[in-house]
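Asker: Mind having a look at this structure? Questions to follow.
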Amino acid sequence: MNIVHAVILGIVEGVTEFLPVSSTGHLTIVEKVFGYKIDDPGVTAFTAIIQIGAIVAAVWYFRADIVRILSAWTRGLFDRSSRKEADYRYGWAIILGSMPIAAVGLLFHHTIETTFRNMWWVAGALIAWSAVMWLADRFASQRRTEKAVGWRDTLCIGLAQCLALIPGVSRSGATMSAGLVAGLDRVAVTKLSFFLGIPALVAAGVMQAVTKYDDIVIHGVGWTPTLVATAVSGLVGYFSIAWLLKFIANNTFSLFIWYRVIIGLVITVLIISGAIAVV
């Protein structure tokens, strides 16, 4: 992979990681346009590893919240009276909510890396999950704030997050939709989506870096482009987070829903016409 492609893919990852439009789906599309074999082990590993950059951006952006939650959670481990704090419960809720995707990712990693790396899956998931997002957004009560989040909420949202292992669904789209169904307001569910994504994506990226180290080199992607794309995704991801939080405070998900449907339909037409191959 050349550096220009790496920079472009890093930008795509940074922009789309936290928007409910599927970063993996968009990376798969752009990788296909660039002529890469999207089910190649090296390309699949590259796609997972560069997400670490965007997650580092999220950690830095929410560093004050993370320190506050970690502090409360740590205090609660040793001080029974501190367990009444909302941040202590929130910490446990995030931990429990992160477990489902870890388990499903490990159990079905082969299917995720091969069968789902398919343009039909991307197109279908973009369109189908848009309907779920529309229903969740349309009928959301938004009665509950961040302080009302409990382990039952995050466990259900964490289960929904597992669907994001299918390119095109969108991790943030799945978690935000589930959160809205649970009655959380858009800002609360957007922040929760960020927090749930940190352990999941870091674990996926590190696992790919360790287990597919040779594939990155042997299959021609290379570690220099991978590190460049990771750095770019982090820089772009920081500004993407700031924009999304401001946007979602006063707007619905309609813009993202229509965008997803249009992109999904375009991919479908291109596949049927033979303009692009399925894998």
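Asker: Looking only at the range 233-252, filter to residues that are in contact with an Asp or Glu (Cβ under 8 Å, 6 or more places away or on another chain) and either surrounded by fewer than 14 Cβ atoms within 10 Å (Cβ to Cβ) or hydroxyl-bearing (Ser, Thr, Tyr) (or both); which one of those is farthest from Leu184 (Cα to Cα)?
Answerer: Within the range 233-252, the match that is farthest from Leu184 (Cα to Cα) is Ser233.
Asker: So which pairs qualify, if the first residue must be in the range 4-25 and crowded, with 19+ Cβ neighbours inside 10 Å, the second must be among the acidic types (Asp, Glu), the Cβ gap must be under 8 Å, and the two must be at least 6 apart or on different chains?
Answerer: Correct list of pairs: Leu9/Glu31; Ser23/Glu13; Ser23/Glu17.
Asker: Which residue pairs have Cβ atoms under 6 Å apart, sit 6 or more places apart or on different chains, and have a first residue in the range 134-160 that is of a type in the set (S, T, N, Q) and a second that is part of a helix (DSSP H, G or I)?
Answerer: Thr145/Ala188; Thr154/Ala93; Thr154/Leu96; Thr154/Gly97
Asker: OK, next. For the range 45-84, which positions are closer than 19 Å to Val149 by Cα, modelled with pLDDT under 85 and touching a helix residue (DSSP H, G or I) at 6+ places or on another chain (Cβ under 7 Å)?
Answerer: Answer for the range 45-84, where residues must be closer than 19 Å to Val149 by Cα, modelled with pLDDT under 85 and touching a helix residue (DSSP H, G or I) at 6+ places or on another chain (Cβ under 7 Å): Ser82, Arg83.
Asker: Residue by residue through the range 112-140, note down the ones that are of a type in the set (Val, Ile, Thr) and either part of a loop (DSSP other than H, G, I, E, B) or modelled with pLDDT under 90 (or both). Break it down stepwise before answering.
Answerer: Keep residues of the range 112-140 that are of a type in the set (Val, Ile, Thr), which gives 112, 114-115, 122, 127, 132.
Those that are of a type in the set (Val, Ile, Thr) and either part of a loop (DSSP other than H, G, I, E, B) or modelled with pLDDT under 90 (or both): Ile112, Thr114, Thr115, Val122.
Asker: Next question. Kindly list, by first and then second residue, each pair from a residue in the range 88-108 that is over 15 Å from Met207 (Cβ atoms) and touching a residue at least 12 places away in the same chain (Cβ under 8 Å) to a residue that is aliphatic (A, V, I, L, M) and surrounded by 20 or more Cβ atoms within 10 Å (Cβ to Cβ), limited to pairs with Cβ atoms under 7 Å and residues at least 6 apart or on different chains.
Answerer: That search, which allows pairs on different chains as well, returns Tyr90/Ile69; Tyr90/Val149; Gly91/Ile69; Ala93/Val149; Ile94/Leu196; Gly97/Ile157; Gly97/Leu196.
Asker: Follow-up question, since we're still on this one. For residues that are among the β-branched types (Val, Ile, Thr) and within 15 Å of the chain's Cα centre (by Cα), scanning just the range 12-43, find the one that is farthest from Leu227 (Cα to Cα).
Answerer: Val21
Asker: Just to confirm my filter: which helices (runs of 4 or more DSSP H) fall fully inside the range 144-237 and include at least 1 residues that are in contact with a Cys (Cβ under 9 Å, 6 or more places away or on another chain)? Explain how you work it out, then say what you get.
Answerer: Numbers: elements: 151-161, 171-181, 186-211, 213-218.
Answer list for the range 144-237: 171-181.
One line per residue, one yes/no per condition, for (1) within 18 Å of Thr28 (Cβ to Cβ); (2) hydroxyl-bearing (Ser, Thr, Tyr):
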position	(1), (2)
Val210	no, no
Gly222	no, no
Pro225	yes, no
Gly234	no, no
Leu245	no, no
Ala249	no, no
Tyr259	yes, yes
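Asker: Filter the range 127-169 down to the residues that are among the aliphatic types (A, V, I, L, M) and over 14 Å from the mean Cα position of the chain (by Cα) and list them by number.
Answerer: Ile127, Ala128, Ala131, Val132, Met133, Leu135, Ala136, Ala140, Ala148, Val149, Leu155
Asker: When the range 253-279 is examined, which residues are found to be buried (at least 16 other Cβ atoms within 10 Å of the Cβ), under 17 Å from Leu180 (Cα atoms) and either out of contact with any Pro (no Cβ under 7 Å at 6 or more places or on another chain) or at pLDDT 90 or above (or both)?
Answerer: Across the range 253-279, the qualifying residues are Phe256, Ile257.
The values are calculated or read from the model by the stated rules, or taken from the named source; none is laboratory data. Since the structure is predicted, the reported quantities are computational estimates derived from the model, not experimental observations. No Cβ is skipped: glycine too gets one built from the backbone with ideal geometry, and neighbour counts run over all protein chains shown.
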